[in-house]
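Engineer: The structure under discussion is supplied below as structure tokens; questions concerning it will follow.
The values are calculated or read from the model by the stated rules, or taken from the named source; none is laboratory data. All figures in this text were calculated on a predicted structure; none of them were measured in a lab. In this analysis, Cβ positions are derived from the backbone assuming ideal geometry, glycine residues included, and neighbour counts consider all displayed protein chains.
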Amino acid sequence: MTLRASLSVPLLAVALSAFSAQNAAFISGVWQGDANYDANGAFSDCLMTAQADSGVLIGFVISKYFEWGLVIADERHDFQVGATEQIMLVVDQRKPIPAIAKVVDVHGIVIPLEDSDPVLDALREGKVLTIMAETAKIRFKLTGTKEAIAELAACVTEHIDSEKV
């Protein structure tokens, strides 16, 4: 899967600023989400975020093109913008999901996700997501993810043809 511009810097900026509960369009478990719009006011994506115990901000995004992605933002680390790295996503004891992480901000990466039943089922049904890179390992509890992913998909459907007024 190629990384389109729709899964890049604008959504990471939103992730880095993190939603406050009062500004979130939906809250599901530990997740907070809302629709995002581009500079011209056209709908771009829906993003939901949560904070890992380690302080890392993690998010799931669905673009207006129905591309899925995982966003990781950590202001404590400086990444090399433009760099890519092979990673593995492991949910519980399931088969590892290979992916390519792309650094789109000095403090964050985007990981395009395959829109397939095995990947989505793992994220919906799983208890713990482990992201393994060459130099890092992040564990995140998937509390409330099943309901939150449903809310995220509904967000895209609701806003797909909208413009910010």
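Engineer: Kindly evaluate A50 against the criterion of being within 16 Å of L142 (Cβ to Cβ), surrounded by 15 or more Cβ atoms within 10 Å (Cβ to Cβ) and either touching a helix residue (DSSP H, G or I) at 6+ places or on another chain (Cβ under 9 Å) or at pLDDT 85 or above (or both).
Structural biologist: It is true that A50 is within 16 Å of L142 (Cβ to Cβ), surrounded by 15 or more Cβ atoms within 10 Å (Cβ to Cβ) and either touching a helix residue (DSSP H, G or I) at 6+ places or on another chain (Cβ under 9 Å) or at pLDDT 85 or above (or both).
Engineer: OK, next. Would you check if there is a residue in the stretch 27-43 being more than 23 Å from K146 (Cβ to Cβ), touching a helix residue (DSSP H, G or I) at 6+ places or on another chain (Cβ under 7 Å), of a type outside the set (K, R) and in contact (Cβ under 8 Å) with a residue 12 or more places away in the chain? Steps first, please.
Structural biologist: So in the stretch 27-43, the residues more than 23 Å from K146 (Cβ to Cβ) come out as 37-43.
From what is left, the residues that are touching a helix residue (DSSP H, G or I) at 6+ places or on another chain (Cβ under 7 Å) are 38, 43.
Still in the list and also of a type outside the set (K, R): 38, 43.
With in contact (Cβ under 8 Å) with a residue 12 or more places away in the chain added as a condition, the list becomes 38, 43.
Yes: the stretch 27-43 contains one or more residues that are more than 23 Å from K146 (Cβ to Cβ), touching a helix residue (DSSP H, G or I) at 6+ places or on another chain (Cβ under 7 Å), of a type outside the set (K, R) and in contact (Cβ under 8 Å) with a residue 12 or more places away in the chain.
Engineer: Could we say that A101 is modelled with pLDDT of 90 or more, under 15 Å from K137 (Cα atoms), among the hydrophobic types (A, V, I, L, M, F, W, C) and surrounded by 13 or more Cβ atoms within 10 Å (Cβ to Cβ) here?
Structural biologist: yes
Engineer: Now for a different question. Can you say whether D121 is free of Cβ contacts under 8 Å to residues at least 12 places away in the same chain and under 24 Å from K64 (Cα atoms), as far as the supplied structure shows? Spell out how you get there, then give the answer.
Structural biologist: Numbers: free of Cβ contacts under 8 Å to residues at least 12 places away in the same chain: yes; under 24 Å from K64 (Cα atoms): yes.
Judged against the criteria, D121 is a match.
Engineer: Right, here's the next one. Among the listed residues I62, I72, I97, which satisfies the condition of being under 13 Å from A133 (Cα atoms), under 15 Å from the mean Cα position of the chain (by Cα) and not small (G, A, S)?
Structural biologist: Testing whether each residue is under 13 Å from A133 (Cα atoms), under 15 Å from the mean Cα position of the chain (by Cα) and not small (G, A, S) leaves just I72.
Engineer: Which residues, taken from the stretch 127-165, are hydroxyl-bearing (S, T, Y) and crowded, with 17+ Cβ neighbours inside 10 Å?
Structural biologist: Let us first name the residues in the stretch 127-165 that are hydroxyl-bearing (S, T, Y), namely 130, 135, 143, 145, 157, 162.
T145, the sole residue that qualifies.
Engineer: Just for strands (runs of 3 or more DSSP E) wholly inside the stretch 77-165: which have at least 1 residues that are charged (D, E, K, R) and under 17 Å from V61 (Cβ atoms)? Before the answer, list the steps.
Structural biologist: Details: elements: 84-91, 97-105, 108-113, 128-132, 137-141.
Where strands (runs of 3 or more DSSP E) fall fully within the stretch 77-165 and carry at least 1 residues being charged (D, E, K, R) and under 17 Å from V61 (Cβ atoms), they are 97-105.
Engineer: Can you tell me how many residues in the stretch 34-61 are outside any loop (DSSP other than H, G, I, E, B) and of a type in the set (G, A, S)?
Structural biologist: In the first step, residues of the stretch 34-61 are kept if they are outside any loop (DSSP other than H, G, I, E, B); the result is 34-37, 42-51, 57-61.
Retained after the next criterion (residues that are of a type in the set (G, A, S)): 35, 42, 44, 50, 59.
Qualifying residue count for the region: 5.
Engineer: Applying the selection to the stretch 62-74, what residues are more than 17 Å from V156 (Cα to Cα) and either among the charged types (D, E, K, R) or assigned to a loop (DSSP other than H, G, I, E, B) (or both)?
Structural biologist: Selection gives D74 alone.
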